[in-house]
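A short write-up of the structure that comes next.
The values are calculated or read from the model by the stated rules, or taken from the named source; none is laboratory data. Since the model is a prediction, treat every value here as computed from it, not as a measurement. Please note: Cβ atoms are built from the backbone with ideal geometry, for glycine as well, and neighbour counts cover all protein chains shown. Accessible surface areas use protein heavy atoms only, side chains included; no ligands, DNA or RNA. Shrake-Rupley method; radii C 1.70, N 1.55, O 1.52, S 1.80 Å.
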Amino acid sequence: MTRKPPALRRTQAERSEDTKTRLLAAARDLFTDKGFAETGTPELVRKAGVTRGALYHHFVDKTDLFRALATQEAQAIAEAIEEATRDIEDPKEAMVVGTNAYFDAMAVPGRAKILLANAASILGHSEALALSKHDGSESLRDGLRQSIPQLSEPDLEALTNVLSAAFDRAALEIAEGSDRGPYVNALLTLVGKAMTKI
């Protein structure tokens, strides 16, 4: 008779990370399906399979949990854009590829709702704006800086903000069921005009 090897015990850090992951996954499902205001903490912890104490050990409150979720979603978008454009040297080509990578990343169900429809009302305008710097606007700014090196910093900031708002509006429209093609074409036209006319 052979003996089973002893089960490996998870470290406290591993258990803690698993709890956090489960809470974020539960929050994502519930906030996307029901909405932030309609989701109570008892429902969150029940869905995650953890205790209320575990929730409050990792997050100050439900808003803090939403903040962590929104940050995670914004980072996923930035990483997708970075991955897609990493080896592209031509700024114009990088803009086209990065634009499509942004919309691919935003197509993940619930992501546009979390970042574009809910973040400002839950976290406030300033914090939502800071999140947008992580979800692609930094990549956009870098691409514009390379493509239009003569732009002053204030002009670069303004152009980045205006184009970022256009990208976000397009992503919301697409998330609501509009055809993606015309929006991508419109944004590439805007970006192209910005690159050639300034």
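Counting every C-alpha pair in segment 76-139, the share spaced more than 13 angstrom apart comes to 63%. Taking GluC sites (Glu not before Pro) in DSSP loop conformation with at most 13 other Cβ atoms inside 10 Å as exposed sites, the chain has its longest uninterrupted site-free stretch at 90-175. The alpha carbon radius of gyration of segment 52-101, expressed as a multiple of 2.2 N^0.38 Å, is 1.72. In the chain, helical runs assigned H by DSSP with n ≥ 4 each contribute -39500 (n - 2.57); averaged across all residues and rounded to the nearest 500, the mean residue ellipticity at 222 nm is -23000 deg cm²/dmol. Each residue of segment 166-182 was assigned a 3J(HN,Hα) from its phi angle through the Karplus curve 6.51 cos²θ - 1.76 cosθ + 1.60 (θ = phi - 60°); the sequence is 5, 4, 5, 4, 4, 4, 5, 4, 5, 4, 7, x, 6, 5, 5, x, x Hz, with glycine and proline shown as x.
If you roll a 1.4 Å probe over segment 41-198 with all protein chains in place, what percent of the accessible area is carbon or sulfur? Carbon with sulfur: 54 percent of the solvent-accessible area. The Cα atoms of segment 21-107 define a convex hull whose projected area, averaged across directions, is 6.4 nm².
Between segment 155-198 and segment 45-80, what is the C-alpha centre distance in whole Å? With segment 155-198 and segment 45-80 each reduced to a Cα centre, they are spaced 30 Å. Number of Lys-Lys pairs in segment 1-158 with C-alpha atoms under 28 Å apart and a separation of 8 or more places or on different chains: 15. At q = 0.13 Å⁻¹, work out log10 I(q)/I(0) for segment 130-198 with the Debye formula, treating every Cα as an identical point scatterer and leaving solvent out; two decimals please. Cα-only, vacuum Debye calculation for segment 130-198: -0.37.
Averaging 1/r over every pair of different alpha carbons in the chain and inverting the result gives a Kirkwood radius of 18.7 Å. Taking all protein chains into account, the per residue accessible area for the chain stands at 58 Å² (1.4 Å probe).
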